[in-house]
Amino acid sequence: MTSADQYLAELGQQLRVDAVRATSKAGSGHPTSSMSAADLMAVLLARHLRYDFDWPDHPGNDRLILSKGHASPLLYAAYKAAGAITDEELGTYRTLGSRLEGHPTPRLPWVDVATGSLGQGLPIGAGVALAGQRLQEAESRVWVLTGDSELAEGSVWEAFEHAGYERLASLTAILDINRLGQRGPTRHEWDLDAYARRIAAFDWHTIEVDGHDLAAIDAAYREAASVTDRPTAILARTQKGRGVAAVADQEGKHGKPMPDEAEAVEELGGVRDLRVDVRRPEATTVPPRPGGGRVELPRYEVGEKVATRNAFGEALAALGAARPEVVALDGEVGDSTRAEFFAKRHPDRYFECYIAEQELVATAVGMAVRGWLPFAATFAAFLTRAHDFLRMATVSRVGLCVSGSHAGVAIGEDGPSQMGLEDLAMFRALHESTVLYPCDANQAAQLVAEMAEESGVRYLRTSRGADPVIYGEDERFPVGGSKLLRSSAEDRLTVVAAGVTVHEALRAADELAEEGVPVRVVDLYSVKPVDAAALREAAELTGCLLTVEDHRHAGGLGDAVLDAFSDGRPVPRLLRLAVDTMPGSATPDEQLRAAGIDAGAIATAARRYLAGYG
């Protein structure tokens, strides 16, 4: 063995030792999953990764995504070897306030995305690689280290197909095939050929290696870098718990510290303090993007009938003209969501992800990692498939905008499989999310521009049908606001609506006014954050709030209104109309009537309340 090979062998053992030490001190963690991939990480770190740890935002940096996030001790041990963290900080693993969390997050500047929810690293890596190749012509590589258990996740196979179809040659997946999952053997155990056949079918170059043969690993990485027409998957046969006889390839040892730390460290050759001079990327610059200008949003005349989905598409195209960092992603429904309007004006920044909603959101996250502002669009109902990716996007602290069209029963004859009836709840539950629901075209267009200025995950709910424009072209709709559409000093109650139910509420208010019953109408277009001040004022003046929403009761508009009274002040009388039924096929008007959220239902609910309390 040459001195260089001996160094790599020692480095691999150091990574194992440090994983053992960190998890033993913490009393929890995954040393065995870290030990299987230690040699793969050692060769990558010492010979192939190009990264400036002093400049994490260097445009030439490679991207390293640890998809098997539970193996975080390995990643942190690598950071220590690179001189990015100290041994003292390594000892804070999994403790309160430490940057070294149980699964990696961007609290560390070298971590691009949070991982640990298995099956996400490769889909996001595909998005990072796609942005690098198609938008920036970057020469940097994207390395994704995955485990074999997560290869059972459907999202991984969405990524294999997406990356193969897009010929993402800068993407290398390193598959740590250690045979054992959490409760026993994985589906294919050490049958590398079973994995290779499947992955090659998606137009990937595959390489099978002994994951503890340092020369073979080195050759595989060099081969991956030489492939220029497709992504590469390196299938490495490894041993879980490698180097410690008490745990090596043993079931029941997953996610547990070593039985005897001192014995394990001694068996691995003792504590080391090797340092790796990670190769820095070549000096490079990112081509400047064309300067942006003032957003010339579409404008619609009052009384004109326009679907909010149309306004979304036209406003997004206008935003793209003024903001060169905006990209759009479609789930093969761009003609319905109207994202195709962006595609026609900016085809170089439009990405078709097909009907693979997990990859759609993952690609958006990957593009956000590269500094782009992604807008991902599909039917509201189908976004439920990607909820875990949205949840993890908030952990990753990335910014992305999402549009869900065809919301609620108001879509009509297509029936319940196509109706987004849980989406408001889903997005409201996300950490520091923004949830917007316009009722007309001018409002929708303005909110698209507002979304671009927010942070975190932002959601815009749009409607299929054309409704009358009720707001003027110059009206403004700040996030966190609302609009008072009907009011008088004699108002008997307040109807709170959003989206399609705003129009129903206005009709009900007009019907009640003819009966001499004035009611207030609030358009709560910002569902999160909610306009608490306006709601509290309405409750104080009218004594009762009646919420009406084209959504399920749980987690929607009604719950958003209740949030305004969660500070201990008295809660007003509250009536709630929402979709309790299981819809079938019917016209939009019939659907609203059957669900009990149309103008007639609103007026009836108001009369009943006033008869008892008014």
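Could you grab me the full set of residues in segment 523-571 that are small (Gly, Ala, Ser) and either on the phi > 0 side of the Ramachandran plot or without any contact (Cβ under 8 Å) to a residue 60 or more places away in the chain (or both)?
Scanning segment 523-571 gives Ala532, Ala533, Ala534, Ala538, Ala539, Gly543, Gly555, Gly558, Ala564, Ser566, Gly568.
Collect the residues in segment 487-514 that are part of a loop (DSSP other than H, G, I, E, B), over 25 Å from Arg552 (Cβ atoms) and touching a residue at least 12 places away in the same chain (Cβ under 8 Å), keeping them in residue-number order.
Passing the criteria: Ser487, Ser488, Glu490, Asp491, Arg492.
When the residues of segment 564-614 are filtered to those that are of a type in the set (A, V, I, L, M, F, W, C) and over 25 Å from Ala407 (Cβ atoms), which remaining residue is surrounded by the most Cβ atoms within 10 Å (Cβ to Cβ)?
Filtering segment 564-614 for residues that are of a type in the set (A, V, I, L, M, F, W, C) and over 25 Å from Ala407 (Cβ atoms), the one surrounded by the most Cβ atoms within 10 Å (Cβ to Cβ) comes out as Phe565.
Out of (1) under 26 Å from Ala215 (Cα atoms); (2) touching a Lys or Arg at 6+ places or on another chain (Cβ under 6 Å), what's the single condition that is false for Leu66?
Just one mismatch for Leu66, condition (2).
Which condition number does Thr284 fail, the rest of (1) polar (S, T, N, Q); (2) outside the structural domain of Val144 (by TED's automatic domain parsing); (3) free of Cβ contacts under 8 Å to residues at least 12 places away in the same chain being met?
Condition not satisfied by Thr284: (3).
I want to confirm something. Restricting to segment 116-163 and keeping residues that are assigned to a loop (DSSP other than H, G, I, E, B) and of a type in the set (A, V, I, L, M, F, W, C), which single residue is nearest to Thr86 (Cα to Cα)?
Taking the candidates together, the pick is Leu118.
Among all residue pairs at least 6 apart or on different chains, which show Cβ distances below 9 Å where the first residue, located in segment 49-68, is under 19 Å from Gln136 (Cα atoms) and the second is of a type in the set (Phe, Trp, Tyr) and surrounded by fewer than 16 Cβ atoms within 10 Å (Cβ to Cβ)?
Asn61/Trp55
Only one residue in Val527, Val561 is in contact with a strand residue (DSSP E or B) (Cβ under 8 Å, 6 or more places away or on another chain), β-branched (Val, Ile, Thr), part of a helix (DSSP H, G or I) and closer than 16 Å to Val435 by Cβ, so which one is that?
Checking each option against the conditions leaves just Val561.
Run down Leu575, Leu484 and say which single residue is in a strand (DSSP E or B) and in contact with a Leu (Cβ under 9 Å, 6 or more places away or on another chain).
Leu575
Touching a residue at least 40 places away in the same chain (Cβ under 8 Å), under 26 Å from Glu267 (Cα atoms) and touching an Asp or Glu at 6+ places or on another chain (Cβ under 9 Å): which single residue out of Ala81, Ala22, Ala26 fits that description?
None of the other options fit; the residue is Ala81.
Can you tell me which of Ala311, Ala225 is assigned by TED's automatic domain parsing to the domain that holds Asp335 and either more than 20 Å from Met35 (Cβ to Cβ) or at pLDDT below 95 (or both)?
Ala311
Out of Ala245, Ala215, report the one residue that is free of Cβ contacts under 8 Å to residues at least 24 places away in the same chain, loosely packed, with under 15 Cβ neighbours inside 10 Å, in contact with a helix residue (DSSP H, G or I) (Cβ under 8 Å, 6 or more places away or on another chain) and in the same structural domain as Phe53 (by TED's automatic domain parsing).
Ala245
Looking at segment 10-115, what helices (runs of 4 or more DSSP H) fall wholly within it and have at least 3 residues that are charged (D, E, K, R)?
Those helices (runs of 4 or more DSSP H) span 87-90.
The values are calculated or read from the model by the stated rules, or taken from the named source; none is laboratory data. Everything quoted here is computed from the prediction, not taken from an experiment. Methodologically, a virtual Cβ is constructed for each residue, glycine included, from the backbone with ideal geometry; neighbour enumeration extends over all protein chains shown.
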